[in-house]
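Asks: Have a look at this one before I ask anything.
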Amino acid sequence: MLYIPVDVRPWVISEIMIDKDEMAQYVFQYTVSNMNWIPNAWKMPICRKILAPLSIWAMDRLEAIPVYRNKPAQLTKTFRQSVDALQSGDNLLIFPENPNAKGKNSGYIQGGLGELYSGFTLLAQLYWKKAGKQCRFIHYIF
């Protein structure tokens with residue numbers, strides 16, 4: 001975010017920004033469990049005692065908007081908060097890549113743009129409906 005020329009509010013998966021236990025489990029599963037240089041007995045305590053509180057604090061300071069990807073009933077909160085943020089003049093930072101994409105659709109493995117979740121484009125329709133303004137999506141490459 002240091003290299004983005006404007007202030008942004010990121011969309012962040014809800015698992016790493018609200019509940020300490022859920023965050024610890026998520027970061028353990030997708031990151032820390034693969035770190036062979038950390039003794040196994042220390043991995044979950046590091047996630048619970050250090051990484052979870054730090055992540056929740058950082059996401060709060062960034063005014064991140066939680067994305068309830070695996071919780072469809074709560075996903076409307078993401079869009080409501082996003083439209084409100086846009087109406088306030090905030091810019092949103094959205095990473096729509098599917099990290100679980102396999103094979104040729106996996107951009108993370110190949111180092112390029114992979115399969116995208118397309119649901120984020122609903123934001124444009126909702127913003128138009130509420131504010132009567134167009135939503136611009138800018139593809140930004142670092």
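What follows draws every value from the coordinates through simple rules; no lab data is involved. This one's a predicted model, so the numbers in the text were calculated from it and none came from an experiment. Every residue, glycine as well, gets a Cβ built from its backbone with ideal geometry; the counts of neighbours run over all protein chains shown.
Asks: Within 10 Å of each residue's Cβ, count the other Cβ atoms and sort Ile16, Ile50 from fewest upward.
Replies: Ascending number of Cβ neighbours within 10 Å: Ile50, Ile16.
Asks: Something else: Taking 30 Å as R0, compute the FRET efficiency from the Cβ-Cβ separation of Gln29 and Arg80 and round it to 0.05.
Replies: The computed FRET efficiency comes out at 0.60.
Asks: What FRET efficiency do you get for Asp90 and Glu22 if R0 is 22 Å and r is their Cβ-Cβ distance, rounded to the nearest 0.05?
Replies: After rounding, the FRET efficiency stands at 0.30.
Asks: Next question. Mind listing the long-range amide H neighbours of Leu116? Cut-off is under 5 Å, sequence gap 5 or more, other chains count too, H placed in the peptide plane at 1.01 Å from N.
Replies: Asn98
Asks: Can you list the equivalent-ellipsoid semi-axes of segment 18-62, largest first and in whole Å, using the square root of 5 times each Cα gyration tensor eigenvalue?
Replies: 20, 9, 9
Asks: Sticking with this one: Fewest Cβ neighbours within 10 Å first, please rank Ser33, Ser14, Ser55, Ser118 accordingly. Let's see the in-between values first.
Replies: Values: Ser33 14, Ser14 24, Ser55 21, Ser118 9.
Ordered by Cβ neighbours within 10 Å, fewest first: Ser118, Ser33, Ser55, Ser14.
Asks: Any idea what the alpha-carbon Rg over 2.2 N^0.38 Å comes to for the chain?
Replies: 1.16
Asks: Turning to a different aspect of this structure: Amide H of Arg69 versus every other amide H placed in the peptide plane: which residues, excluding those fewer than 5 positions away on the same chain, fall under 5 Å?
Replies: Ser14
Asks: If R0 is 30 Å, what FRET efficiency do you get for Trp57 and Leu126 from their C-beta distance, rounded to 0.05? Provide the component values of the computation, followed by the final result.
Replies: Working: r = 30 Å, r/R0 = 0.98.
The computed FRET efficiency comes out at 0.50.
Asks: Going by how many other beta carbons lie within 10 Å of each one, how would you line up Met44, Met59, Met17, fewest first?
Replies: Met44, Met59, Met17
Asks: Then there is this: Taking 7 Å along the Cα-to-C-beta vector as the label spot, tell me the Ser118-Trp37 distance in nanometres, rounded to one decimal.
Replies: My value for the distance between the label points is 4.2 nm.
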